[in-house]
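Just so it is clear, none of the values below were taken in a lab; they were calculated from the coordinates. Nothing here was measured: the structure is a model prediction, and the numbers come from that model. Here Cβ is always computed from backbone atoms with ideal geometry, including for glycine, and neighbour counts include all displayed protein chains.
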């Protein structure tokens, strides 16, 4: 069982998902850099989760056994099955199982298996810590006060009195006539068009908390505003949604095939070279399965497991260089 734990730990540093056939899958989720406040940033991190629904054999763990221990793929598969049986037996007996850096499994009173995830660190983020930057405040210079100097108005009382006397003299001498007063009307411009007050659009916001259950994420709030009229709203029956989901899963399970895999490659260019090499050897139906972080190179696929096993034995007998080929149900 220690070998099983060691292989899983080693593969999790390279792949985002490692499936233990008949037990479950360990999945690595990446948490990016997050901003905290004005000038603080949280370092990136990884979190390790366990999913019991991932129990199909994708060949990754068995390939690791085969490569390290130098055994055949079938022998490696049997070794994994034996380790899984011992692992389950120990959980049933002691109700608790510690798997070193992979965390701890606890069997509660209701018979449910709980997974306690440990802190998980990959080499690419090792040593990174949170950062808090000192904020730089740009100070605006204080504008100097402008003092307006009023010039004293010098009044010449003597000149003003003389002017008034001249006007009075002219009025007495000249005949009085009709004087038309010209009125100048000043047009006032309405500035309300230039300086309108901004009023936000009124709308009713409907908020509903969304709880993400079984994943451990925090609640989120979804808000909708009636800025655009929705064309149509439908009410989904939960029971019908569950039935449709179950139907889709059954269709996906029926669509799985048995692939004859000759190798798993992380680099796409290396996988292309392997495909060209297989084509030169006479394999016309060479294909590739692109999955998370790797590419599986296949030489054939069958809907029936028995046909795939017969073809695999022929490949082992006729092509000794492909003695490590195996069957993948995907």
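With 10 angstrom as the radius, rank 298, 17 by how many other C-beta atoms surround their C-beta, starting from the fewest. Mind showing how you got there, number by number?
Numbers: 298 23, 17 17.
Least crowded to most crowded, the residues run 17, 298.
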Could you check the simple spin-label distance between residue 1 and residue 277, using points 7 Å along Cα→Cβ, in nm with one decimal? 3.9
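Which FRET efficiency value, to the nearest 0.05, is calculated for residue 121 and residue 67 with the Förster distance at 25 angstrom and r the Cβ-Cβ distance? Before the final figure, lay out the partial values.
Working: r = 25 Å, r/R0 = 0.99.
That gives a FRET efficiency of 0.50.
Taking every pair of alpha-carbon atoms in the stretch 2-68, give the share separated by more than 14 Å as a whole percent.
Details: 1389 of 2211 pairs.
Here the tail beyond 14 Å accounts for 63 percent of pairs.
For 256, 2, what's the fewest-to-most ordering of other Cβ within 10 Å of each Cβ? Working shown, then result.
Numbers: 256 12, 2 9.
Ranking 256, 2 by Cβ neighbours within 10 Å, fewest first, gives 2, 256.
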Students often get this wrong: which residues of the stretch 23-47 have the backbone nitrogen under 15 Å from the point 7 angstrom along Cα-to-C-beta of residue 85? 23
Counting only the backbone N, which residues of the stretch 15-35 are under 13 Å from the spot 7 Å out from the Cα of residue 131 toward its beta-carbon? 33-35
How high is the relative contact order of the stretch 2-131, in percent, with contacts defined as C-alpha pairs under 8 Å that are six or more residues apart? 25
Using only the alpha-carbon atoms of the stretch 2-131 as identical scatterers, what base-10 log of I(q)/I(0) does the Debye formula give at q = 0.12, 0.17, 0.18, 0.19 Å⁻¹? -0.54, -0.93, -1.01, -1.09
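If you wrap a convex hull around the Cα atoms of the stretch 257-329, how much volume per residue is inside, in Å³?
Numbers: hull volume 5.6 nm³, N = 73.
Each residue corresponds to 77 Å³ of Cα convex hull volume.
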Assuming 0.36 nm per residue, please report the length gained on full extension of the stretch residue 164 to residue 49 beyond their Cα-Cα distance. 31.1 nm
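Please compute the contact order of the stretch 257-329 in relative form: average sequence separation of alpha-carbon pairs under 8 Å and at least six residues apart, divided by the residue count, as a percent.
Details: 113 pairs, mean separation 32.6, N = 73.
Computed over the stretch 257-329, the figure is 45 percent.
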